[in-house]
Amino acid sequence: MDITDQIKRFYLEHLPKAKIEGGLLKAPCPFCPTDGGEEPGTMVVYLKPESFFFGYFRCLNRCIQGGFHLYFAKIMNTDPQKVPGLDPDREAFVRDIVYPTKNLNAEVKKFVSFMDDEQYAYFREFGVSDAAVDEMKIGYNGRYLVYPYFLEDGNCHAARCILAAREEDNFWHGDETFFAEEFRVFNVQEIDRAEEGALFITEGENNLLTLKELGYPAISVPSAGDLETLSHERLIFINHLFLMMNNTPEARLSARSLATRLGFKVRILPWSAHLNRGYSLCHLARDKGKGFRSAVSSMIKESKSFSPFSSPEKEQRKFFELLERDKGKKLLGLSTGFEKMDHALNGIRGINIMGGPPKAGKSCFFMQLSTEMAKRKIPVIYYDFENGRQKIYARTLCRLSRLSEEAIRLQNLDEEASARLRKAYSDFKALLPYFRVVTDRKLNPDIMRRQIDFLKHETRTDNTLVVLDSLHKLPFKNLSERRTGIDAWLRELESIRDEQNVAFLVISELSREGGHYSEKPDLASFKESGDIEYSADNAMILLPDWDPLDSISPEEKKSTLWTVASRESSPGKVAEYLLDFPFWGFREF
């Protein structure tokens, strides 16, 4: 006998005179008071096997709160061994709370007694009956509606007082200890009643009331931000969770955050795209009237289990779009302007880390690559912690004009040089919208993500190049743990690469071996290399064939670029580059 048959038989055994009509079991409620000779109300149990609410019972007279079969067994004092699906070794969730002797129970009763037709009429506007309001023990203090927050011990220690039709005007009343975020769950006892069943989680007490009017089990939090207080452990015995937040981006984000923590048991009920910001269950109940039950039922049926994965359809579309975008391309990555380098790497894509000794021209090399790409309207963010914005701009202008910094400064130029400088000014101005230099020493991955998104939006371009000069000078929380910090940054770069279609050029320092740099470069040459071996799509080393510390050498200054590791290419020599001094550039040969 499967569990559904066991639960059906369990209810039939404990509810005399029960009858099954379609998917409902109906019986006289065993909990309704009959001392005055009144007839008990009708208890209904939902028994459609395909329903999320299979096994949920409730009294139509609302004499007690409804729940699923484990709660029914508890209030019927049934032998645990006879309860279907009950694990006798299961330990209930218990919060480490010392409940005070003093509570608000008497005040809650007083506030309930102050309710009159004017207050009930407010709830009727969005379809909530007087009986549903009374069931939740909502009261009135003469100006504010009082929503009592009963805790697991059955007592109320705090209440939220809200001005009708103006929910932003509210305050907490009672014991300040229980104003804290961890206690901000309205109708929290419903969690225990919903064990082995389904539960709605919504935003705002009034939205909960619309669901309770329909007979659904539900809890609510004052705002979507309070979803953070709901832990996996607190909801571990609930089989299905329906998140019904207000129609705002903030609420959707909070719902997704909770769903990520809780997993597949969560279903986020989406709103139609045409609905206004802030639209809620109260609005839906007011708009739909008698059709509200049907509207909620449809949303439940159309809901899907929250998945941490993209849908197969979305993955297929993204992949096919990528294939279509790459059709006919000579290079899969971004062109550097250096033919041999493009051929060796198939363009710049992924994470490309280049090391070299001090003064070897690493920054100069990347300045040239990035500004050439910006000239071709490829957006570039240059994170500089070495040279400063003005030096980068000055050297770029020298390279564009083929004039030295001194010549530009003194302006003692012939007509031909002046024309070159004017054109360089024009070219420099044209590339700046695509070339952003950032020197923020408080940079973090989230700031980087936002800046990338902004530049892509501003330039209406999907591809982006990010230059980091250098890896070892990125901001770390703890300078004494630089190795750990480098590895953490590399993890973030991998994530940004994959999420935002970004290519990286990253400068790294090399380690010294016996006072000299290795003539045979390999991955071990990188200083505090950490996860470079695993993170870099291409690891390169720029080695000068001249002494970087000999600034007055008359020889041509030639450097060799090597790949020492690559995911798709064979390691080896890429090309040789001649330093084009004093124009701060390189020529490939």
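The values are calculated or read from the model by the stated rules, or taken from the named source; none is laboratory data. Here the structure is a predicted model, which is why all the values come from computation and not from measurement. Reconstructed Cβ throughout: ideal geometry from the backbone, glycine too, with neighbour counts over all protein chains shown.
Rundown of residues vs (1) among the small types (Gly, Ala, Ser); (2) touching a helix residue (DSSP H, G or I) at 6+ places or on another chain (Cβ under 8 Å); (3) buried (at least 18 other Cβ atoms within 10 Å of the Cβ); (4) more than 24 Å from Met136 (Cα to Cα), yes/no style:
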position: Glu213; (1), (2), (3), (4): no, yes, yes, no
position: Ser220; (1), (2), (3), (4): yes, yes, yes, no
position: Ile236; (1), (2), (3), (4): no, no, no, yes
position: Leu241; (1), (2), (3), (4): no, yes, yes, no
position: Ala285; (1), (2), (3), (4): yes, yes, yes, no
position: Lys288; (1), (2), (3), (4): no, yes, no, no
position: Ser305; (1), (2), (3), (4): yes, no, no, yes
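So which residues in the range 126-184 are of a type in the set (Phe, Trp, Tyr) and within 35 Å of the chain's Cα centre (by Cα)? Talk me through it step by step, then tell me what you get.
First, pick out the residues of the range 126-184 that are of a type in the set (Phe, Trp, Tyr): 126, 140, 144, 147, 149-150, 171-172, 178-179, 183.
Within the range 126-184, Phe126, Tyr147, Tyr149, Phe150, Phe171, Trp172, Phe178, Phe179, Phe183 qualify.
Residues checked against (1) surrounded by 10 or more Cβ atoms within 10 Å (Cβ to Cβ); (2) in contact with a helix residue (DSSP H, G or I) (Cβ under 6 Å, 6 or more places away or on another chain); (3) not acidic (Asp, Glu):
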residue: Arg267; (1), (2), (3): yes, no, yes
residue: Ser272; (1), (2), (3): no, no, yes
residue: Phe292; (1), (2), (3): yes, yes, yes
residue: Ser297; (1), (2), (3): yes, no, yes
residue: Ile300; (1), (2), (3): yes, no, yes
residue: Phe309; (1), (2), (3): no, no, yes
For Val128, are the conditions met, namely being within 20 Å of Cys282 (Cβ to Cβ) and in contact (Cβ under 8 Å) with a residue 60 or more places away in the chain? yes
Failed condition for Val108, given (1) under 28 Å from Gly289 (Cα atoms); (2) touching a strand residue (DSSP E or B) at 6+ places or on another chain (Cβ under 6 Å); (3) crowded, with 19+ Cβ neighbours inside 10 Å, with all others met? (1)
Answer yes or no: is there a residue in the range 78-100 that is at pLDDT 95 or above, in contact with a Phe, Trp or Tyr (Cβ under 8 Å, 6 or more places away or on another chain) and basic (Lys, Arg). no
Residues within the range 510-533 that are under 30 Å from Phe454 (Cβ atoms) and at pLDDT 80 or above, tallied: 1
Can you list residue pairs whose Cβ atoms sit under 7 Å apart, with the first residue in the range 299-322 being within 29 Å of His240 (Cα to Cα) and of a type in the set (A, V, I, L, M, F, W, C) and the second being modelled with pLDDT of 85 or more and part of a helix (DSSP H, G or I)? Count only pairs 6 or more apart in sequence or on different chains. Phe306/Ala259
Checking Phe68 against (1) surrounded by 13 or more Cβ atoms within 10 Å (Cβ to Cβ); (2) in contact with a strand residue (DSSP E or B) (Cβ under 6 Å, 6 or more places away or on another chain), the condition it does not meet: (2)
In this structure, is Pro100 touching a residue at least 24 places away in the same chain (Cβ under 8 Å), surrounded by fewer than 18 Cβ atoms within 10 Å (Cβ to Cβ) and out of contact with any His (no Cβ under 8 Å at 6 or more places or on another chain)? no
Checked pairs for the range 572-589, first charged (D, E, K, R), second surrounded by fewer than 16 Cβ atoms within 10 Å (Cβ to Cβ) and assigned to a loop (DSSP other than H, G, I, E, B), C-beta under 8 Å and 6 or more apart or across chains, list as Glu576/Phe589
Out of Gly337, Gly356, Gly328, which single residue is crowded, with 19+ Cβ neighbours inside 10 Å, modelled with pLDDT under 95, outside the structural domain of Arg256 (by TED's automatic domain parsing) and not hydroxyl-bearing (Ser, Thr, Tyr)? Gly356
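Give the residue, chosen from Glu167, Glu152, that is assigned by TED's automatic domain parsing to the domain that holds Pro222, part of a loop (DSSP other than H, G, I, E, B) and of a type in the set (Asp, Glu).
Numbers: Glu167 fails: part of a loop (DSSP other than H, G, I, E, B).
It is Glu152.
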Are any residues in the range 167-178 aromatic (Phe, Trp, Tyr) and either crowded, with 17+ Cβ neighbours inside 10 Å or touching a His at 6+ places or on another chain (Cβ under 8 Å) (or both), and if so, which ones? Trp172, Phe178
Of Ile496, Ile507, Ile541, the only residue that is at pLDDT 90 or above and touching an Asp or Glu at 6+ places or on another chain (Cβ under 7 Å) is Ile507
Conditions: (1) touching a residue at least 60 places away in the same chain (Cβ under 8 Å); (2) more than 33 Å from the chain's Cα centre (by Cα); (3) closer than 30 Å to Ser254 by Cβ. Glu339 meets all but one. Number of the miss? (3)
Selection from the range 441-475 of residues polar (S, T, N, Q), surrounded by fewer than 17 Cβ atoms within 10 Å (Cβ to Cβ) and more than 20 Å from Thr336 (Cα to Cα) yields Asn444
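For the range 466-477, check the following and say yes or no: at least one residue is among the aromatic types (Phe, Trp, Tyr), modelled with pLDDT of 90 or more and either in contact with a Cys (Cβ under 9 Å, 6 or more places away or on another chain) or in the same structural domain as Asn538 (by TED's automatic domain parsing) (or both). Talk me through it step by step, then tell me what you get.
As a first pass, look at the range 466-477 and keep what is among the aromatic types (Phe, Trp, Tyr): 476.
Filter once more, keeping what is modelled with pLDDT of 90 or more: none.
Looking for residues that are among the aromatic types (Phe, Trp, Tyr), modelled with pLDDT of 90 or more and either in contact with a Cys (Cβ under 9 Å, 6 or more places away or on another chain) or in the same structural domain as Asn538 (by TED's automatic domain parsing) (or both), one finds none in the range 466-477, hence no.
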Taking the range 187-226, which residues are assigned to a strand (DSSP E or B) and without any contact (Cβ under 8 Å) to a residue 40 or more places away in the chain? Ala218, Ile219, Ser220, Val221
Sort out which residues of the range 281-313 are more than 20 Å from Lys265 (Cα to Cα) and of a type in the set (Lys, Arg), and write them in order of number. Arg286, Lys288, Lys290, Arg293
When only residues in the range 1-42 that are of a type in the set (Phe, Trp, Tyr) and touching a strand residue (DSSP E or B) at 6+ places or on another chain (Cβ under 9 Å) count, which is nearest to Leu60 (Cα to Cα)? Phe31
Exactly one of (1) surrounded by fewer than 17 Cβ atoms within 10 Å (Cβ to Cβ); (2) under 18 Å from Ser272 (Cβ atoms); (3) of a type in the set (Gly, Ala, Ser) is unmet by Ser231. Its number? (2)
Report yes if Tyr425 is in the same structural domain as Leu455 (by TED's automatic domain parsing) and over 28 Å from Glu576 (Cα atoms), otherwise no. yes
Meets criteria (of a type outside the set (Lys, Arg) and part of a helix (DSSP H, G or I)) for Phe111: yes
